[in-house]
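Visitor: Submitted below is the structure of interest, expressed as structure tokens.
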Amino acid sequence: MTRFEKGFAMLIEETNVPDAALPVDALKAHLRLGSGFGQDTVQDGVLAGFLRAALAAVEARTGKALMAREFTQSVGELRGAEALNLAVAPVTVIASVTLVSRDGAEQTVSPDIYWLERDGHTPKLRAAAACLPGPERGGALRVRFLAGFGAEFDDLPADLRQAVLMLAAHYYEYRHDTALSDGCMPFGVSSLIERFRNLRIGLSGART
């Protein structure tokens, strides 16, 4: 039997960025500018790993999903009856909203009851009328949505693309430096992503 605590909140990444969408060739070109990086494909897997790490680091600093994929956000209570803050931006589509009872039974919420407020920093699931349907005690409200600037790397804003390439190149150049595990973020990258950062919003709608 499934039971959710009153303050329960969780975000799950349902789909991953496919390997084919990672800008490995663009990173090679970026590396060649500074170090004469070769054109072979031997290190493609390594570069893909650094690109994923760079994407994750930029997303963590900005609260943005860079490349499009599906997420599920579940909360055990609503802090405000009229809206639920979604944990990442930009959200493009609400795929479904489901009420989960304390015993695990699921009820799909009609799309007529809610709408998506496409805010660039804090998108919201908003009630079409007075309030959203709240979960019962021990249950949850589950929202499945698509977030990201686009399916391709070129869909990202230019400064975010540059930040990802710079950070991935930095990880590659200093790959033997164990201090990188402490969360290194070069100043140039921080400057590029600064305008995309926003106040952290709790999954249940509270500012943190």
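The values are calculated or read from the model by the stated rules, or taken from the named source; none is laboratory data. Predicted, not measured: the structure shown is a model, and the values here were computed from it. Using ideal geometry, Cβ is built from the backbone for each residue, glycine included, and neighbour counts are taken over all protein chains shown. Note: accessible area is taken over every heavy atom of the protein model, side chains too, but ligands, DNA and RNA are not part of it. Shrake-Rupley method; radii C 1.70, N 1.55, O 1.52, S 1.80 Å.
Yes or no, residue by residue, for (1) hydroxyl-bearing (Ser, Thr, Tyr); (2) touching a Lys or Arg at 6+ places or on another chain (Cβ under 6 Å):
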{"position": "Gly104", "(1), (2)": "no, no"}
{"position": "Glu117", "(1), (2)": "no, yes"}
{"position": "Gly120", "(1), (2)": "no, no"}
{"position": "Pro133", "(1), (2)": "no, no"}
{"position": "Tyr174", "(1), (2)": "yes, no"}
{"position": "Ser191", "(1), (2)": "yes, no"}
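Visitor: Of all residues in the stretch 137-158 being part of a helix (DSSP H, G or I) and of a type in the set (Asp, Glu), which is surrounded by the most Cβ atoms within 10 Å (Cβ to Cβ)?
Guide: Checking each candidate, the answer is Asp155.
Visitor: Just checking, how many residues over the stretch 104-136 are surrounded by 13 or more Cβ atoms within 10 Å (Cβ to Cβ) and of a type in the set (Lys, Arg)?
Guide: Residues in the stretch 104-136 being surrounded by 13 or more Cβ atoms within 10 Å (Cβ to Cβ) and of a type in the set (Lys, Arg): 2 in total.
Visitor: Out of all the residues in the stretch 79-103, which are open to solvent by 30 Å² or more (accessible area, probe 1.4 Å), of a type in the set (A, V, I, L, M) and part of a loop (DSSP other than H, G, I, E, B)?
Guide: Hit for the stretch 79-103 is Ala81, nothing else.
Visitor: May I pose another question? Conditions: (1) open to solvent by less than 10 Å² (accessible area, probe 1.4 Å); (2) in a loop (DSSP other than H, G, I, E, B); (3) of a type in the set (S, T, N, Q). Gln73 meets all but one. Number of the miss?
Guide: Checking Gln73 against (1) open to solvent by less than 10 Å² (accessible area, probe 1.4 Å); (2) in a loop (DSSP other than H, G, I, E, B); (3) of a type in the set (S, T, N, Q), the one that fails is (2).
Visitor: Give Arg52, Arg61 a once-over and let me know the one that is open to solvent by 60 Å² or more (accessible area, probe 1.4 Å), part of a helix (DSSP H, G or I) and farther than 18 Å from Asn198 by Cα.
Guide: Arg52
Visitor: Another question, then. Could you please find all residues in the stretch 21-47 being at pLDDT 95 or above and in a helix (DSSP H, G or I)?
Guide: Ala21 - this is the single residue of the stretch 21-47 that is at pLDDT 95 or above and in a helix (DSSP H, G or I).
Visitor: Kindly indicate whether Gly134 is of a type outside the set (A, V, I, L, M), within 30 Å of Val164 (Cα to Cα), modelled with pLDDT under 95 and not in a strand (DSSP E or B).
Guide: When the stated conditions are applied, Gly134 does not pass them.
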